[in-house]
Amino acid sequence: MNELIGRTPLEVGKSIALGVLALVTAVALLQLAAERTQGRQGDRGRTEVVSTARDFALALSTYDYAHPDVQRQRLAAVALPQVVEKVRSAEPDLQQYQASSTGQTPDVWVQDFNGSSARVLIRTKSTMQSTFAPPGTRASGLVSCQVEQRSGAWRVTDYQWLTPATETNPGYTG
């Protein structure tokens, strides 16, 4: 045993110092591993938030007055029932104006993210038509939405139009 930790007080002191240093190093490595794991989970969470927000924006901006169930099903895959109902409240207007729209890939920015919820800004893009807009009319608008992790899946829990979808001429490529 003396040979393991040393024979003189100086050798014993060095052995104890090396043991403490090894312990501190092991704790630091464990902390680093935990932080890296959390970082990867955070990156994965952000990616899932962006994907959910993108799918929501596409479902929000893709509709057909003659087939409202298609939009409802797409929304239900990424949003809570109260959000789907909020979107459905516009169905009478879609019917009245015989509106249809095909959404394009939106621009998505994560504003806040804490690992279990996020606030996301979306710029929708679509090609639409109605009794007031000729076929091929381009539209774009800003939407803010709350995305939260619920039962292991990311879902839109609320949204708000920040600007109405504005129309541009059919030659728009935005």
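The values are calculated or read from the model by the stated rules, or taken from the named source; none is laboratory data. In this text the structure is predicted, and so the values were computed from the model without any measurement. In this analysis, Cβ positions are derived from the backbone assuming ideal geometry, glycine residues included, and neighbour counts consider all displayed protein chains. Accessible surface areas use protein heavy atoms only, side chains included; no ligands, DNA or RNA. Shrake-Rupley method; radii C 1.70, N 1.55, O 1.52, S 1.80 Å.
Is it true that Val12 is over 29 Å from Asn114 (Cα atoms) and either assigned to a helix (DSSP H, G or I) or modelled with pLDDT of 80 or more (or both)? When the stated conditions are applied, Val12 passes them. Residues in region 62-86 that are touching a residue at least 24 places away in the same chain (Cβ under 8 Å) and not in a helix (DSSP H, G or I): Thr62, Tyr63, Asp64, Tyr65, Ala66, Val78, Ala79, Leu80. Within the set Gln82, Gln98, Gln104, the sole residue that is at pLDDT 95 or above, over 25 Å from Arg46 (Cβ atoms) and either polar (S, T, N, Q) or crowded, with 16+ Cβ neighbours inside 10 Å (or both) turns out to be Gln98.
Do we have Gly103 as touching a residue at least 40 places away in the same chain (Cβ under 8 Å) and outside any strand (DSSP E or B) here?
no
In region 131-151 there is no residue that is open to solvent by less than 70 Å² (accessible area, probe 1.4 Å), touching a Cys at 6+ places or on another chain (Cβ under 8 Å) and either at negative phi or not in a strand (DSSP E or B) (or both). In this structure, Gly42 qualifies as under 30 Å from Gln111 (Cβ atoms), of a type outside the set (Lys, Arg), open to solvent by less than 90 Å² (accessible area, probe 1.4 Å) and at pLDDT below 75.
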